[in-house]
């Protein structure tokens, strides 16, 4: 009996998804709970597991297709694995393989290459990939198609095809995550009265603390002491002093929150995501560092859970890891503020009437002027600066 492969519930308010890469093809055997296909929503990417052990028989929705929660996207037949193997190799289909399939020379076929091959009716298994790990790139597919079609074109005396040069264009549908980011950021600009204030912080004290205790810290907790935990702690201290920055507009009301759910922007496999440290005010330095490290590792594999991306009362974004010197981060609605960290640079500073070289970082606080006044924003950023330049203030709460 045919088993339907159905788009599962993806979380609150999510009704539409986009089909990602099919990890299995018709003819492949899969064990129960083995991942079959990646499904992308505007918040995360999840893998659909096999509901039973059996063989994939049909793919209804291809890479890039839109689908709704509950839609049937494929079929499989329940059965045991073929004798002597766990999963059989996919037999070469008569038609071109689905975009994004892994039939190319042992390497992954990139979506753009799959489209070129599909249009030419060519098999990816006949193409040698030159990309990392043997991936079949668009250029590999174009060379293969050109080599296959040129003799026939010459014999028919057809005019030569226009050469593919550096002015080629590739149209790729926006992923659900990118659509969501675009919608949210535009809404933030339209609905909120956004301003950004700046300051700079001398990172000497934080760097000295990290250098002094790095070995003991790593030995005890199994992780390096980073900068982010200092910024989370300093932000919590400042939020306690200025609760307006931790508030949100809800209709005609301002909601003040007596807890600190801090969103940490991290780069993921599908783009920037912002998982949340719940009740960060209760977390130690080590708990913060371990949680952020875990977020980074799972974001790279698209393993961040939907519930981990929802909520948040304040966000911290570290553009410095990419080399950014200064930026104006955009508030993540319905939050009222976001802190932007930037690259640390050795710069000459006037200290006690002497010019000395110090490791300096620019800080940016973007905020919603409907909730946070300029005086409060400046005071908030100054409090973070004070805490980082003298970390003992956070311990003594002064």
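Quick check on this structure: which one of 162, 122 is assigned to a loop (DSSP other than H, G, I, E, B), at pLDDT below 75 and more than 27 Å from the chain's Cα centre (by Cα)?
Values: 122 fails: at pLDDT below 75.
Going through 162, 122 in turn, just one is assigned to a loop (DSSP other than H, G, I, E, B), at pLDDT below 75 and more than 27 Å from the chain's Cα centre (by Cα): 162.
Name the residue, out of 235, 229, that is in the same structural domain as residue 280 (by TED's automatic domain parsing), touching a helix residue (DSSP H, G or I) at 6+ places or on another chain (Cβ under 6 Å) and either under 22 Å from residue 396 (Cα atoms) or part of a helix (DSSP H, G or I) (or both). Step through it out loud before you land on a result.
Numbers: 235 fails: touching a helix residue (DSSP H, G or I) at 6+ places or on another chain (Cβ under 6 Å).
After ruling out the rest, the residue left standing is 229.
Would you check if residue 111 is surrounded by 14 or more Cβ atoms within 10 Å (Cβ to Cβ), closer than 19 Å to residue 28 by Cβ, out of contact with any strand residue (DSSP E or B) (no Cβ under 7 Å at 6 or more places or on another chain) and modelled with pLDDT under 70?
On the way: surrounded by 14 or more Cβ atoms within 10 Å (Cβ to Cβ): yes; closer than 19 Å to residue 28 by Cβ: no; out of contact with any strand residue (DSSP E or B) (no Cβ under 7 Å at 6 or more places or on another chain): yes; modelled with pLDDT under 70: yes.
The answer is no for residue 111.
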Residue 375 meets each of (1) within 30 Å of residue 190 (Cα to Cα); (2) free of Cβ contacts under 8 Å to residues at least 40 places away in the same chain; (3) touching a helix residue (DSSP H, G or I) at 6+ places or on another chain (Cβ under 8 Å) with one exception, condition (3)
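Would you confirm, using the coordinates I've provided, whether residue 201 is modelled with pLDDT of 65 or more, more than 26 Å from residue 44 (Cα to Cα), assigned by TED's automatic domain parsing to the domain that holds residue 333 and buried (at least 18 other Cβ atoms within 10 Å of the Cβ)?
yes
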Exercise. Please work out if residue 323 is touching a residue at least 24 places away in the same chain (Cβ under 8 Å) and surrounded by fewer than 14 Cβ atoms within 10 Å (Cβ to Cβ).
Key: no
Over the stretch 238-278, the set of residues in contact (Cβ under 8 Å) with a residue 24 or more places away in the chain and assigned to a helix (DSSP H, G or I) is 238, 239, 240, 241, 244, 245, 246
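Scanning the stretch 326-359 for residues that are part of a strand (DSSP E or B) and in contact with a helix residue (DSSP H, G or I) (Cβ under 9 Å, 6 or more places away or on another chain), which turns out surrounded by the most Cβ atoms within 10 Å (Cβ to Cβ)? Lay out the reasoning, then the answer.
Pass one, the stretch 326-359, residues part of a strand (DSSP E or B): 337-341, 344-351, 354-359.
After this cut, where a residue has to be in contact with a helix residue (DSSP H, G or I) (Cβ under 9 Å, 6 or more places away or on another chain) as well, the list is 337, 339-341, 344, 358-359.
Numbers: 337: 30, 339: 25, 340: 24, 341: 23, 344: 17, 358: 16, 359: 15.
Among those that are part of a strand (DSSP E or B) and in contact with a helix residue (DSSP H, G or I) (Cβ under 9 Å, 6 or more places away or on another chain), it is 337.
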With criteria (1) surrounded by fewer than 18 Cβ atoms within 10 Å (Cβ to Cβ); (2) closer than 23 Å to residue 64 by Cα; (3) at pLDDT 75 or above, residue 143 comes up short on (2)
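The values are calculated or read from the model by the stated rules, or taken from the named source; none is laboratory data. Please read all numbers here as calculations on a predicted model, not as lab measurements. Cβ atoms come from the backbone with ideal geometry, glycine included; neighbour counts cover every protein chain shown.
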